[in-house]
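Asks: The structure is given below, and queries will be raised subsequently.
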């Protein structure tokens, strides 16, 4: 994982379910975790034995580096942008049991969870999530702030667009693409490209509606 270059402890932004997993990854990796920042929880509460330090907006750049513990793609991207503007160092988190090729690229703020595999010349974009047991094959791109759900598979040369979501157990056959902000439902199989801003489900995956119609 990308450890804080400064040697600072890490604060996890977000104390919900995803934030708990990110904190667990950091602890398992030997990184000092100071606690959580969460706008919906009171300072002094504890999660996984770690304190809620206050709101995300109340963090001070000099105090700690940041790991992104927010599951919602759009919210994660928005908060990342705010933190970078304020001068925070944002780190990635890679579980020790994940297998990540030395020839893969993992950008800042990305999270790779337990038992995931990321193979050569794959690129995991900033703020992206590769969830538990997911497989990212050679030459794939997981664009910034996209999410590959548990046990999902991207075969060789696939591209998951920015802010897109590949559902739990879903698969993409080689060289297919899912456009920005699209959602592929759980268990679906992408056999042809899915354009941006769509919701696609089924085997094979077919676009059922526009994301806009559900916003």
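Asks: Which residue is surrounded by the most Cβ atoms within 10 Å (Cβ to Cβ), if the candidates are limited to the range 165-212 and must be in contact with a helix residue (DSSP H, G or I) (Cβ under 9 Å, 6 or more places away or on another chain) and touching a residue at least 24 places away in the same chain (Cβ under 8 Å)?
Replies: So the residue we want is 182.
Asks: Continuing with the same structure: Anything in the range 97-118 that is in contact (Cβ under 8 Å) with a residue 60 or more places away in the chain and over 14 Å from residue 24 (Cβ atoms)? List them, or say none.
Replies: Matches in the range 97-118: 106, 108.
Asks: Would you mind finding the one in 43, 15, 32 that is in the same structural domain as residue 76 (by TED's automatic domain parsing) and within 21 Å of residue 87 (Cβ to Cβ)?
Replies: One residue alone meets the criteria, 32.
Asks: When residues of the range 144-155 are filtered for being within 18 Å of residue 205 (Cβ to Cβ) and surrounded by fewer than 24 Cβ atoms within 10 Å (Cβ to Cβ), how many remain?
Replies: Of the residues in that region, 5 qualify.
Asks: Mind listing whichever residues of the range 175-191 are in contact with a strand residue (DSSP E or B) (Cβ under 9 Å, 6 or more places away or on another chain) and in a loop (DSSP other than H, G, I, E, B)?
Replies: Of everything in the range 175-191, those that are in contact with a strand residue (DSSP E or B) (Cβ under 9 Å, 6 or more places away or on another chain) and in a loop (DSSP other than H, G, I, E, B) turn out to be 175, 176, 179, 181, 182, 185, 186, 187, 188, 191.
Asks: Quick one: is residue 54 within 21 Å of residue 126 (Cβ to Cβ), modelled with pLDDT of 90 or more, buried (at least 17 other Cβ atoms within 10 Å of the Cβ) and not assigned by TED's automatic domain parsing to the domain that holds residue 130?
Replies: no
Asks: Give the residues of the range 119-164 that are part of a strand (DSSP E or B), free of Cβ contacts under 8 Å to residues at least 40 places away in the same chain and within 10 Å of the chain's Cα centre (by Cα), sorted by residue number.
Replies: Hits for the range 119-164 are 124, 130, 142, 148.
Asks: Given (1) over 23 Å from residue 176 (Cβ atoms); (2) buried (at least 18 other Cβ atoms within 10 Å of the Cβ); (3) touching a residue at least 40 places away in the same chain (Cβ under 8 Å); (4) touching a helix residue (DSSP H, G or I) at 6+ places or on another chain (Cβ under 9 Å), where does residue 65 come up short, assuming only one miss?
Replies: The one condition residue 65 does not meet is (4).
Asks: Taking the residues in the range 3-40 that are in contact (Cβ under 8 Å) with a residue 40 or more places away in the chain, buried (at least 23 other Cβ atoms within 10 Å of the Cβ) and assigned to a loop (DSSP other than H, G, I, E, B) as candidates, determine which candidate is farthest from the chain's Cα centre (by Cα).
Replies: The qualifying residue farthest from the chain's Cα centre (by Cα) is 15.
Asks: Next question. Being more than 27 Å from residue 146 (Cα to Cα), in contact with a strand residue (DSSP E or B) (Cβ under 8 Å, 6 or more places away or on another chain) and in a loop (DSSP other than H, G, I, E, B) is the filter here, so list the residues in the range 41-73 that pass it.
Replies: Selection gives 42, 43, 44, 45, 63.
The values are calculated or read from the model by the stated rules, or taken from the named source; none is laboratory data. It should be emphasised that the depicted structure is a prediction, and the values quoted were computed from it without experimental measurement. Note that we place each Cβ from the backbone using ideal geometry, even for glycine, and neighbour counts take in every protein chain shown.
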